[in-house]
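A short worksheet on the structure shown next.
The values are calculated or read from the model by the stated rules, or taken from the named source; none is laboratory data. It should be emphasised that the depicted structure is a prediction, and the values quoted were computed from it without experimental measurement. Cβ atoms come from the backbone with ideal geometry, glycine included; neighbour counts cover every protein chain shown. To get the accessible areas, we keep the full protein, side chains included, count just its heavy atoms, and leave off ligands, DNA and RNA. Shrake-Rupley method; radii C 1.70, N 1.55, O 1.52, S 1.80 Å.
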Amino acid sequence: STFALDLDLDMMLNTDAEMNIIFDEKIGDVMTGRGVSDNMRIIMTPDGDMSMTGRYEITQGDYLFTYLNVVNRRFKVEQGSWLQWTGDPFDAQMDIKATYTVENANLSAWDTTQTSGAKMDVKLFMNGTLQKPQITFKVELPGATQSASFGVTSAISRMNSDPQEMSRQVFSLIVLGSVAPPGRFFG
């Protein structure tokens, strides 16, 4: 005998439920979090067709980011990030912001007078859809004021306006814990 399921769920989600979104199962690229939704709807027909609608606001979470299939780092997902479904459960729109903090980044490649490490934040922005995420980065020196040297502030400015330089520096920061000389990995 065959079993056919006709399902129509209207849900309100609170932070008691944990969600997992697997971007790449083979390499472990996954986001785990908690959030809220007051308008989530899932419909499944007896033919097996499924649709999902609603907006899920993330209140807290982690994104295990895998870089070049070599290294993975846990980014903290920022409150206010969201996913929105309008039909296909695998094609949600998203606006995810997450941060990985390098506690003691070596900045000497940007300024040889920097003898002690500094706290640096690697910001990850994920937009687009679940099936075709678009990821960009930004690097910040949190709490930096006029005390940051010209070499450091100009390197951050240059990197934040050059995607290739950004990729090099993000890789260097999350893998090695230090910045690379501008334009290349090693001096």
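Taking only segment 153-177 into account, find how many residues are farther than 30 Å from Tyr56 by Cα, out of contact with any helix residue (DSSP H, G or I) (no Cβ under 6 Å at 6 or more places or on another chain), open to solvent by less than 70 Å² (accessible area, probe 1.4 Å) and not acidic (Asp, Glu). Number satisfying all stated conditions: 10. The residue of segment 93-118 that is most open to solvent (accessible area, probe 1.4 Å), among those that are within 20 Å of the chain's Cα centre (by Cα) and not hydrophobic (A, V, I, L, M, F, W, C), is Glu103. One residue alone among Phe150, Phe137, Phe90, Phe125 is open to solvent by less than 50 Å² (accessible area, probe 1.4 Å) and among the aromatic types (Phe, Trp, Tyr), and that residue is Phe137.
Return the total of residues in segment 1-21 being at pLDDT below 80 and either assigned to a strand (DSSP E or B) or touching a Pro at 6+ places or on another chain (Cβ under 7 Å) (or both). The number of residues fulfilling the criteria is 2.
Just so you know, in segment 22-36 the residues that are part of a loop (DSSP other than H, G, I, E, B) and farther than 15 Å from Pro133 by Cβ include one that is farthest from the chain's Cα centre (by Cα), and it is Lys26.
Within segment 160-182, the presence of at least one residue that is modelled with pLDDT under 80 and either outside any helix (DSSP H, G or I) or closer than 24 Å to Lys97 by Cβ (or both) is confirmed.
Within segment 37-51, the set of residues being of a type in the set (Ser, Thr, Tyr) and part of a strand (DSSP E or B) comprises Ser37, Ser51. Per the conditions (1) of a type in the set (Gly, Ala, Ser); (2) farther than 20 Å from Pro163 by Cα; (3) touching a residue at least 40 places away in the same chain (Cβ under 8 Å), the sole criterion not satisfied by Ala109 is (2).
The set of residues from segment 52-87 being open to solvent by 40 Å² or more (accessible area, probe 1.4 Å), part of a strand (DSSP E or B) and under 19 Å from Ser167 (Cβ atoms) comprises Asn72, Arg73.
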